[in-house]
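Please read the structure below before turning to the comments.
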Amino acid sequence: VQLQASGGGLVQAGGSLRLSCAPSGRTFSPYAMGWFRQAPGKEREFVATFSWRSATTYYADSVKGRFTISGDNAKSTVYLQMNSLKPEDSATYYCAADSRRRVGRNRSDYDYWGQGTLVTVSS
């Protein structure tokens, strides 16, 4: 299974972007899907996770109130609506899928990863 992330780009501070992530290849129904991000020279960090199976949503404190994660169960697609973007949100955003019912905040909780989409927020 491959995950295809899209929607990244260049935006001014205060602007919005919507990221999407969908599986390609065989039919795939993960238990949860999430987003992580990695800025140059930094560790990959958790952003948000969503499970339509357990109706659970978690956010990193740094994005609470600004980002919204949602999903389309029929398409196994997850979205990340990012509002009020800040320069510190600039990073490559990676989507990930959890087939083991972890719904966690650690990289090890996810067993499938997308290729990443670059988000750049200018000041």
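The values are calculated or read from the model by the stated rules, or taken from the named source; none is laboratory data. Only a predicted model underlies this, so the values are computations on that prediction, with no experimental measurement involved. When we count neighbours, we look across all protein chains shown, and the Cβ atoms used for this are built from the backbone with ideal geometry, even at glycine. Note: accessible area is taken over every heavy atom of the protein model, side chains too, but ligands, DNA and RNA are not part of it. Shrake-Rupley method; radii C 1.70, N 1.55, O 1.52, S 1.80 Å.
What the table below lists for this structure:
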{"item": "Estimated Rh, the stretch 1-102: Kirkwood, alpha-carbon pairs, angstrom", "result": "13.9 Å"}
{"item": "Spatial separation of Cα centroids for the stretch 102-123 and the stretch 35-55, in angstrom", "result": "4 Å"}
{"item": "Cut-off 10 Å between beta-carbons: net charge of the residues surrounding residue 109, Lys and Arg +1, Asp and Glu -1", "result": "+3"}
{"item": "Reachable aspartates and glutamates from residue 64, criterion Cα separation under 18 angstrom, eight or more residues apart if same chain", "result": "45, 88, 89"}
{"item": "Equivalent ellipsoid semi-axes - Cα gyration tensor, the stretch 50-123, angstrom", "result": "22, 14, 12"}
{"item": "Accessible-area ranking of 111, 89, largest first, probe 1.4 Å", "result": "111, 89"}
{"item": "Stokes-Einstein D (µm²/s) once Rh is taken as the Kirkwood radius of the stretch 27-72 over alpha-carbon pairs, at 37 °C in 0.692 mPa s", "result": "282 µm²/s"}
{"item": "Karplus-derived 3J(HN,Hα), 6.51/-1.76/1.60, for each residue of the stretch 52-67, Hz, glycine and proline x", "result": "7, 6, 10, 6, 10, 9, 10, 10, 5, 4, 5, 10, 4, x, 10, 10"}
{"item": "From phi via Karplus (6.51, -1.76, 1.60), per-residue ³J(HN,Hα) for the stretch 68-74 in Hz, x at Gly/Pro", "result": "9, 9, 8, x, 10, 4, 4"}
{"item": "Tail beyond 14 Å, pair distance distribution of the stretch 1-59 (Cα, percent)", "result": "68 percent"}
